[in-house]
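K.L.:
There's a structure below that I have some questions on.
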Amino acid sequence: MHPATVEWQLPIAPTHPVQTRAQDRAGMLKGRALPAPEVLQPTLDPALRSFTPRYGRGLSGTLRLMCSDTMPALMRAWIHSFARFYPHVRIILRPPYEGDDAAQALRQGRIDIAFVSRELRPVDVATFRAEYGYLPTSVPVSGGSWRQFGYLDAIAIIVNPRNPLKRLTLKQLDAVFSRSHLRGDRQADTWGDLGVSGAWSRRPIHVYAIKPWNGFEEFVRQRVLDVGAHRGHWRRGMRLSGTVFPLARRVAADPDGIGYTGLAFLDAGVKVLAVGRGERALSPTYTNVALARYPLSRLLYANVNLRPGERPRRALGEFLRLILSRQGQFDVRREAVFLPLRAFQVSAALRIARLAPAGAHR
């Protein structure tokens, strides 16, 4: 039996216009205009560690950075905080502010860190691996937002409001969206395959999704379809859109529809499903996303070129440690757009960056 639940509801969001080419160009030159802060703001995780420099103030060197157009203001805050400890490390951050350009510059050796507000594109990963024989190292440096338009909003699994379904596990989502079924289930073709009873059990499932490649699409593929080093593949016959913008409206118009979308794009009357198993199934409420409990919350990454077994050089490692400290995550909190990492996420990020042993916070 499923535990008793309180149904969670969210007001419909405005329908956002697609960003124009002029806005794209302006973002590349100056960064995207910051949205109004969320009314709700998280507290920092009390378990976050303060930054303690490992080297003296005489540490010098140069760090070359590029970032997505959502990140210049946050980057400048991190650079300012770092300079308080290491004033002789020169940090260069220049436009274009664009994630794809940053990934390309990292592969070409023109920068030290590519800060990208999403997962790297598969083509970026493939070309990097072809060049070096190993993968880029992607270190989480911040949470995404809750439902800020254009700022890495959390992903919602949505169905038509008439659908009696309330929650799905990742295994069931794999059965809906995948043809690889790396989580071990078979394809779900009717709502009965997902546990719905009665007349609904025989109704067909209509799956709505985004054409590859897209940041939303890649995130859902990695969190739902992929398992370990194995990359999952989308099921055939999905009703695909070129962008995320119309998905909520299409599911709202189809009683048998299911899809995914960003919380900022819930501009139609749909039902948002909880994700997880039993009592661990969670809706994407502000608290669940801010505390990194909801499994489809998103992340920003610092991408670096580290050979297998190699540790970051001093200035690079210290900059990443500063970002992943209490001070660095306070800078995230102060900007009030993205969500600071929790201590367990920082511990994992420091291990990914080869800056801490397993089980350590720093």
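The values are calculated or read from the model by the stated rules, or taken from the named source; none is laboratory data. Being a predicted model, the structure only gives us computed values, none of them experimental. Positions of Cβ are generated from backbone atoms using ideal geometry, with glycine treated the same way; all protein chains shown enter the neighbour counts.
K.L.:
What residue, of A349, A315, A358, is modelled with pLDDT of 95 or more, more than 14 Å from R54 (Cα to Cα) and among the small types (G, A, S)? Break it down into steps so the answer makes sense when it comes.
P.N.:
Details: A315 fails: more than 14 Å from R54 (Cα to Cα); A358 fails: modelled with pLDDT of 95 or more.
Just a single option satisfies the conditions, and that option is A349.
K.L.:
Something else now. Being touching a helix residue (DSSP H, G or I) at 6+ places or on another chain (Cβ under 9 Å), under 18 Å from S117 (Cβ atoms) and of a type in the set (G, A, S) narrows it down to one of A302, A356, A336, so name that one.
P.N.:
On the way: A356 fails: under 18 Å from S117 (Cβ atoms); A336 fails: touching a helix residue (DSSP H, G or I) at 6+ places or on another chain (Cβ under 9 Å).
Going through A302, A356, A336 in turn, the sole match is A302.
K.L.:
Right, something else. Restricted to region 303-330, and to residues that are of a type in the set (A, V, I, L, M) and not in a helix (DSSP H, G or I), which residue is surrounded by the fewest Cβ atoms within 10 Å (Cβ to Cβ)? Give the derivation first.
P.N.:
Narrowing region 303-330 to residues of a type in the set (A, V, I, L, M): 304, 306, 315-316, 320, 322-324.
Those left that are additionally not in a helix (DSSP H, G or I): 304, 306, 324.
Values: V304: 21, L306: 19, L324: 29.
The selected residue is L306.
K.L.:
May I pose another question? Surrounded by 20 or more Cβ atoms within 10 Å (Cβ to Cβ), under 28 Å from R333 (Cβ atoms) and among the small types (G, A, S), is that true of G262?
P.N.:
Working: surrounded by 20 or more Cβ atoms within 10 Å (Cβ to Cβ): yes; under 28 Å from R333 (Cβ atoms): yes; among the small types (G, A, S): yes.
Judged against the criteria, G262 is a match.
K.L.:
From the residues in region 278-325 that are among the β-branched types (V, I, T) and within 25 Å of P72 (Cβ to Cβ), which one is nearest to the chain's Cα centre (by Cα)?
P.N.:
Going through region 278-325, the residues among the β-branched types (V, I, T) turn out to be 285, 287, 289, 304, 323.
Among the residues that remain, those that are also within 25 Å of P72 (Cβ to Cβ) are: 289, 304, 323.
Details: V289: 11, V304: 17, I323: 17 Å.
Per the stated criteria, the residue is V289.
K.L.:
Would you be able to tell me the number of residues in region 331-344 that are surrounded by fewer than 21 Cβ atoms within 10 Å (Cβ to Cβ) and within 23 Å of G276 (Cβ to Cβ)?
P.N.:
Selection size over region 331-344: 3.
Here is a yes/no grid of residues against (1) farther than 21 Å from A349 by Cβ; (2) modelled with pLDDT of 95 or more:
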position	(1), (2)
G58	yes, no
M71	no, yes
L74	no, yes
A83	yes, yes
H88	yes, yes
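K.L.:
If you take the residues in region 90-105 that are surrounded by fewer than 21 Cβ atoms within 10 Å (Cβ to Cβ) and in contact with a strand residue (DSSP E or B) (Cβ under 7 Å, 6 or more places away or on another chain), which one is nearest to G215 (Cα to Cα)?
P.N.:
Applying the filter and picking the extreme gives D101.
K.L.:
Kindly indicate which of A156, A114 is of a type outside the set (D, E, K, R), under 30 Å from I258 (Cα atoms) and crowded, with 20+ Cβ neighbours inside 10 Å.
P.N.:
Details: A114 fails: under 30 Å from I258 (Cα atoms).
Only one candidate qualifies: A156.
K.L.:
Could I ask something else about it? Could we say that S241 is farther than 27 Å from D124 by Cα, in the same structural domain as A274 (by TED's automatic domain parsing) and of a type in the set (G, A, S) here? Write out each step before concluding.
P.N.:
On the way: farther than 27 Å from D124 by Cα: no; in the same structural domain as A274 (by TED's automatic domain parsing): yes; of a type in the set (G, A, S): yes.
When the stated conditions are applied, S241 does not pass them.
K.L.:
Tell me, yes or no, whether region 45-55 has at least one residue that is aromatic (F, W, Y) and surrounded by fewer than 21 Cβ atoms within 10 Å (Cβ to Cβ). Working first, answer last.
P.N.:
From region 45-55, those aromatic (F, W, Y) are 51, 55; that's our starting set.
Adding the requirement that they be surrounded by fewer than 21 Cβ atoms within 10 Å (Cβ to Cβ) leaves 51, 55.
Within region 45-55, one or more residues are aromatic (F, W, Y) and surrounded by fewer than 21 Cβ atoms within 10 Å (Cβ to Cβ).
K.L.:
Can you tell me which of (1) crowded, with 20+ Cβ neighbours inside 10 Å; (2) within 21 Å of the chain's Cα centre (by Cα) is the one N163 doesn't meet?
P.N.:
Every listed condition holds for N163 apart from (2).
K.L.:
Then there's this: From the list G184, G150, G144, pick out the single residue that is out of contact with any Lys or Arg (no Cβ under 6 Å at 6 or more places or on another chain) and either crowded, with 18+ Cβ neighbours inside 10 Å or touching a residue at least 24 places away in the same chain (Cβ under 8 Å) (or both). Reasoning before the result, please.
P.N.:
Numbers: G184 fails: either crowded, with 18+ Cβ neighbours inside 10 Å or touching a residue at least 24 places away in the same chain (Cβ under 8 Å) (or both); G144 fails: out of contact with any Lys or Arg (no Cβ under 6 Å at 6 or more places or on another chain).
Going through G184, G150, G144 in turn, just one is out of contact with any Lys or Arg (no Cβ under 6 Å at 6 or more places or on another chain) and either crowded, with 18+ Cβ neighbours inside 10 Å or touching a residue at least 24 places away in the same chain (Cβ under 8 Å) (or both): G150.
K.L.:
Among L10, L48, L29, which is the only one that is part of a loop (DSSP other than H, G, I, E, B) and closer than 24 Å to R76 by Cβ? Before you say what the answer is, go through the steps one by one.
P.N.:
Working: L10 fails: closer than 24 Å to R76 by Cβ; L29 fails: part of a loop (DSSP other than H, G, I, E, B).
The unique qualifying residue is L48.
K.L.:
Answer yes or no: is there a residue in region 69-92 that is outside the structural domain of G262 (by TED's automatic domain parsing), touching an Asp or Glu at 6+ places or on another chain (Cβ under 7 Å) and of a type in the set (K, R). Can you show your working first?
P.N.:
Looking only at region 69-92, we keep the residues that are outside the structural domain of G262 (by TED's automatic domain parsing), and these are 69-92.
This time we only want the ones that are touching an Asp or Glu at 6+ places or on another chain (Cβ under 7 Å), so: 69, 73-74, 77-78, 81, 86.
Retained after the next criterion (residues that are of a type in the set (K, R)): none.
No, because not a single residue in region 69-92 is outside the structural domain of G262 (by TED's automatic domain parsing), touching an Asp or Glu at 6+ places or on another chain (Cβ under 7 Å) and of a type in the set (K, R).
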